[in-house]
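The values are calculated or read from the model by the stated rules, or taken from the named source; none is laboratory data. Quick caveat, the model's predicted, so the values are computed rather than measured. Note that we place each Cβ from the backbone using ideal geometry, even for glycine, and neighbour counts take in every protein chain shown. In case anyone asks, the SASA skips ligands and DNA or RNA and just uses the protein heavy atoms, side chains included. Shrake-Rupley method; radii C 1.70, N 1.55, O 1.52, S 1.80 Å.
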Amino acid sequence: MKIYLLNPPYLPNFGRGARWQEIGRAGTLYYPIWLAYATANLGKSHTVCLIDAVAKKWTNIDVLNDVKSFKPDLVVIDSSFPSLNNDMQVASYLKENYLEPIKIVLVGPPTSRYSEKILSNTGVDVTARLEYDFTLLALADILEGSESLECLLNVDGISFKYNDKILHNPNRPLSTSKDLDDVPFVSEVYDKHLNIRDYFLGQSLYPEVQILTGRGCPNQCTFCSWPQTLTGRKYRVRSISNVIDELAWIEDNLRIKEVFFEDDTFTTSKTRVLEFCREYKERKLSIVWSCNARVDSLDLETMKEMRKSNCRLLIAGYESGNDSILKSVKKGITVNDIRSFARSAKKAKLMVHGDFIIGLPGENQNTIENTKLLIKEIKPEILQVSVASPFPGTEFYHWCDQNGYLTTNDPNEYLDESGHQKAIVSYPWLSTEDIASAVDDILRNYYLSADYIPVALQQIFRQNGLDEAKRILYSAKQFISYVKNR
């Protein structure tokens, strides 16, 4: 079967594969990572084509012409909550203008919430809910052997149109660790189907690739969308030897500067991190890598081992400088944990990309000041501050909806006219304007102050200093443009 996998046209540099789907302030463009893993899985037994229309800056007409050239049997379209209406329209456009029989599948977090809406009066024939790459493989295998849609009754994890009805099959069980080892390397998919130089992460050396060493997150953060709408809470991982084999392949075949581990938290198991570091050194690898990290999962000695194994940076979900807010979102950490983590990272000579969110439950002007003071104290090399976005299907969304704090329940309205995050939570004591203003003020006062100059210079005087300087200058240019437009 010929399968065409599409990251559909939308706003420039819009990242459906990111946790916060928007146009990044620092020029970031994420890989279509989940769609790429689906391409890897499907490519084992089918003919596949992966197109990132956002990276290519393609229009719907460009996509249609490419589809006509490839002549697929199945089209898979990626989606996200803020782009859902656009993505359904792309499906309808292809169904109406591609004059050959074709089945269209929509994938991504919205399918776990809106399959009924997606399948009603659009060009979408099937939705693959939650973790979809293994579901797509089962779907393609069974469609290849049958022309009748009745066969779809045997595919778990999908919703579909059948006899003028919309049917919802049971959820597919989540992948296992063994399943993950059986998926071909996503880095090979990037090399074959995409232009690696199209992608940029504000915290990573350029060019880079993003891979997963595990899926799911056992932590209970109420606001995080992926574990609640895509990958599940069950934590499963690739074997360390499998991960190291991919790093070795990347080092031998791709001309890149860094690998980023996109796992919700690579550091959940300190034992696994140390095993990774040992095997990395035994294989004599040299590729630079970074990862997401929990602030309560690493001690100084483990961080030192990571640094010896060429780890460069940790992304830490700090979220807030107030303990009550951290407790309200079930973060499982304290402000003192954040301080300890930040101190240890500096001692281990690891950079930190610190993530904060303004507008979580309990936020007020005093707690915002707590966060500002913490940022000033710990001085992360890279600071990200976001408005609190309650994505449908999350516990945070349910709480906001139940209490009447949402200004809209339509996730297509989560972005402003420029494609940046828009505050859509309003409390009686803290408005959407207050939240959005606080985010911009914190970022401006951090990056555009004299206090940030030594923080930036320390990065430039590290290993790979020239690449660090290029990264900082590019991000700064994009950020200044963002500030001017605001």
State the volume of the convex hull built on the alpha-carbon positions of the stretch 57-212, expressed per residue in Å³ and rounded to an integer.
147 Å³
Give the ranking of 116, 275 by solvent-accessible surface, highest area first, calculated with a 1.4 Å probe.
116, 275
Got a sec? Charge dipole of the chain, +1 on Cβ for Lys and Arg, -1 for Asp and Glu; which of 463, 351, 338 is way out at the positive end?
463
Per residue and in cubic angstrom, what volume does the convex hull of the Cα atoms of the stretch 314-450 have?
115 Å³
Would you compute the Debye intensity of the stretch 361-437 from its alpha-carbon atoms alone, equal scatterers and no solvent, and pass along log10 I(q)/I(0) at q = 0.11, 0.17, 0.20, 0.27 Å⁻¹ to two decimals?
-0.32, -0.74, -0.96, -1.31
Quantify, in whole percent, the carbon and sulfur part of the accessible surface of the stretch 378-486 (1.4 Å probe; protein heavy atoms only).
51 percent
Taking the C-alpha atoms of the stretch 1-83, how large are the radius of gyration and the largest Cα-Cα span, Dmax, in Å?
12.9, 40
What does the convex hull of the alpha-carbon atoms of the stretch 331-370 project to on average, in nm²?
3.4 nm²
Using θ = phi - 60° and the Karplus curve 6.51 cos²θ - 1.76 cosθ + 1.60, what whole-Hz ³J(HN,Hα) does each residue of the stretch 311-327 get, with Gly and Pro shown as x?
6, 10, 8, 10, 8, 10, x, 6, 6, 7, x, 10, 5, 5, 5, 4, 6
As a check on your grasp of the helix formula, calculate [θ] at 222 nm for the chain: sum -39500 (n - 2.57) over DSSP H runs of n ≥ 4, divide by the residue count, round to the nearest 500.
-12500 deg cm²/dmol
Prolate/oblate/rounded label for the stretch 239-294 (Cα gyration tensor, a/c 1.5):
oblate
Accessible area per residue, Å², the stretch 269-337 with all protein chains present, probe 1.4 Å:
41 Å²
Using only Cα atoms, locate the centre of the stretch 154-204 and the centre of the stretch 328-385, then give the distance between them in Å, rounded to an integer.
33 Å
Helix check for the chain. Which DSSP H runs span at least 24 Å along their own axis by Cα, with a mean Kyte-Doolittle hydropathy no less than -1.0?
465-485
For the stretch 1-61, what is the relative contact order in percent, using Cα pairs closer than 8 Å and at least 6 residues apart in sequence?
48 percent
HN-Hα J in Hz across the stretch 389-394 - Karplus 6.51, -1.76, 1.60, θ = phi - 60°, x for Gly and Pro
10, x, 6, x, x, 9
P(r) of the stretch 391-486 over all Cα-Cα pairs, 5 Å bins starting at 0, rounded to whole percent, reads 2, 11, 16, 17, 14, 11, 11, 10, 6, 2, 0
Once the Cβ-Cβ distance between residue 444 and residue 398 is put in as r, and R0 is 30 Å, what FRET efficiency do you end up with, to the nearest 0.05?
0.35
Highest average packing first - 428-434, 133-139, Cβ atoms within 10 Å:
133-139, 428-434
Using a 4.7 Å Cβ cut-off, which Cys residues in the chain lack a partner cysteine?
49, 151, 217, 277, 291, 311, 400
Please calculate how many Å² of accessible area the stretch 390-473 carries per residue, with a 1.4 Å probe and no DNA, RNA or ligand atoms counted.
49 Å²
Using a probe radius of 1.4 Å on heavy atoms only, what accessible surface per residue do you get for the stretch 82-178? Whole Å² is fine.
45 Å²
Taking all protein chains in place and a 1.4 Å probe, what share, in percent, of the accessible surface of the stretch 85-210 do carbon and sulfur account for?
47 percent
Bridge orientation stat for the chain from DSSP, antiparallel percent rounded to 5, came to 25 percent
Calculate the FRET efficiency for residue 65 and residue 148 from the Cβ-Cβ distance with a Förster distance of 30 Å, rounded to the nearest 0.05.
0.45
At 1.4 Å probe size, what's the solvent-accessible area of residue 215? Round to the nearest 10 Å².
10 Å²
Dividing the mean separation of Cα pairs under 8 Å (6+ apart) by the residue count of the stretch 1-116 yields a relative contact order in percent of 33 percent
Computed from every Cα-Cα pair in the stretch 10-56, P(r) in 10 Å bins starting at 0 and rounded to whole percents is 27, 45, 22, 5
I'd like the Karplus ³J(HN,Hα) series for the stretch 47-52: coefficients 6.51, -1.76, 1.60, θ = phi - 60°, whole numbers in Hz, and an x wherever there's a Gly or Pro.
8, 10, 9, 10, 10, 9
At 0.890 mPa s and 25 °C, plugging the Kirkwood radius over alpha-carbon pairs of the chain into Stokes-Einstein gives what diffusion coefficient in µm²/s?
106 µm²/s
Total formal charge among the other residues, if their Cβ is under 12 angstrom from that of residue 109, Lys/Arg +1 and Asp/Glu -1
+1
Checked against a 28 Å limit on the C-alpha separation, the offending pairs among 161/330; 56/470; 95/117; 56/257; 349/376; 281/347 are 161/330
Computed over the stretch 333-428: relative contact order in percent, which uses C-alpha pairs under 8 Å that are six or more apart
25 percent
Counting only protein heavy atoms and a 1.4 Å probe, tell me what percentage of the stretch 233-355's accessible area is made up of carbon and sulfur.
46 percent
